[in-house]
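Participant: Next up is a structure, given as structure tokens.
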Amino acid sequence: MNNVIAYPSREVRLGPLDITRALPLKERRLVGPWCFLDHFGPLSFTDDRPMDVAPHPHIGIQTVSWLLEGEVLHDDSLGYQALLRAGGVNTMTSGHGISHSEQTPKPNTGRLSGVQLWVALPESHRHAAPSLQHIEKVPVAELQGGVVQVFAGAFAGLVSPAHHYSELVGADVRIHRNAALSLSLNKSCEHSILVLDGDCELNGEPLRQRVLYYLEPGRSEIQCRSREGGRALLLGGPPFPEDIVMWWNFVARTREEIAQARADWEQHHDRFGEVKAYSGARLDAPLFRSPQAV
Ligand code: MN
């Protein structure tokens, strides 16, 4: 495929959840400001709770949580609680520090599938105050051949109400059975496509599951097709102009900042607050060795 680079994802296991980690990869750290992409599920469950991520800190990013099926209950150190369902989005801005937990609530539908994304904050906003934005229903457009939901930024004539600090797009694209869907892209942006479900073709080439397809800037349009019906995640933005350092749940610019954030978390510094709504122990930071520099 011309100018489309395929990056196989990594398989990660988090408790009972099978996770496909599509970003960051060794060869591809960012797509626009997007620096982390986990795809989890689909999973059916009965009495256990597949997601129970104890309180943990973040700096330097926005977390963007998008579900295809099921529910996730978010609690954070600002005291916000937000029940996320398919069609809505949770956008948490960590700024200089926040902590949160994510759990499968009770009752639930017994199904779970979704994506966990991070957006790197630019220098101008990475030390800002933390916040949470819960959007019950993101903008949706029925197009010829499919349906687009925009959970971040602007795309296909839709604008997400979520606040972001870099130009970006995050969209869930459904292609109907035996249909073709044409999508306009912003030429100044790089993009990536990850198949979430079913089958998808991009510009006449079939896409594999668990592979991130990267498209460099300069494209103004792509053609998607599906035989049985498909669903894909589209991310994009202008190439991020800053070098980032990423370690555990922290995104910064230097090793010293990472080491400081780790120490602050371990010492229960005010910076990260406390998730009072969560009953149980919080996560300990791993030992700090050398962070992967992007
Ligand atoms: Mn988190």
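Participant: Give the residues of segment 105-144 that are buried (at least 20 other Cβ atoms within 10 Å of the Cβ) and part of a loop (DSSP other than H, G, I, E, B), sorted by residue number.
Facilitator: LEU121, ARG126, PRO130, VAL138
Participant: Considering only strands (runs of 3 or more DSSP E) fully contained in segment 183-290, which possess at least 3 residues that are touching a His at 6+ places or on another chain (Cβ under 7 Å)?
Facilitator: 230-237
Participant: Any idea how many residues of segment 1-40 are within 14 Å of VAL115 (Cβ to Cβ), touching a residue at least 60 places away in the same chain (Cβ under 8 Å) and either outside any strand (DSSP E or B) or over 14 Å from the mean Cα position of the chain (by Cα) (or both)?
Facilitator: 2
Participant: Also: Conditions: (1) touching a residue at least 40 places away in the same chain (Cβ under 8 Å); (2) within 16 Å of the ligand (Cβ to nearest atom). ARG262 meets all but one. Number of the miss?
Facilitator: ARG262 satisfies all of (1) touching a residue at least 40 places away in the same chain (Cβ under 8 Å); (2) within 16 Å of the ligand (Cβ to nearest atom) except (1).
Participant: When GLN133 is evaluated against the numbered criteria (1) farther than 28 Å from SER44 by Cβ; (2) away from the ligand (no atom under 16 Å from the Cβ), which criterion, by number, is the only one it fails?
Facilitator: So GLN133 meets the others, but not (2).
Participant: Also: Only one of GLY70, GLY114, GLY41 is touching a Leu at 6+ places or on another chain (Cβ under 8 Å) and within 16 Å of the ligand (Cβ to nearest atom). Can you tell me which?
Facilitator: GLY114
Participant: If you don't mind, another one. Looking at segment 73-104, which of the residues that are part of a strand (DSSP E or B) and of a type in the set (Val, Ile, Thr) is nearest to the ligand (Cβ to nearest atom)?
Facilitator: Per the stated criteria, the residue is ILE98.
Participant: Just to be sure, is THR46 among the hydroxyl-bearing types (Ser, Thr, Tyr), more than 13 Å from the ligand (Cβ to nearest atom), over 14 Å from the mean Cα position of the chain (by Cα) and within 21 Å of GLN149 (Cβ to Cβ)?
Facilitator: no
Participant: Would a scan of segment 157-167 turn up a residue that is at positive phi and away from the ligand (no atom under 16 Å from the Cβ)?
Facilitator: Yes, there is a match, as at least one residue in segment 157-167 is at positive phi and away from the ligand (no atom under 16 Å from the Cβ).
Participant: Same structure again: Can you tell me how many residues within segment 88-119 are out of contact with any strand residue (DSSP E or B) (no Cβ under 7 Å at 6 or more places or on another chain) and touching a residue at least 40 places away in the same chain (Cβ under 8 Å)?
Facilitator: The total comes to 1.
Every read-out reported here was derived from the displayed coordinates using simple, explicitly stated rules and does not represent laboratory data. Everything quoted here is computed from the prediction, not taken from an experiment. Because the Cβ atoms are built from the backbone with ideal geometry, glycine has one as well, and the counts that use them run over all protein chains shown.
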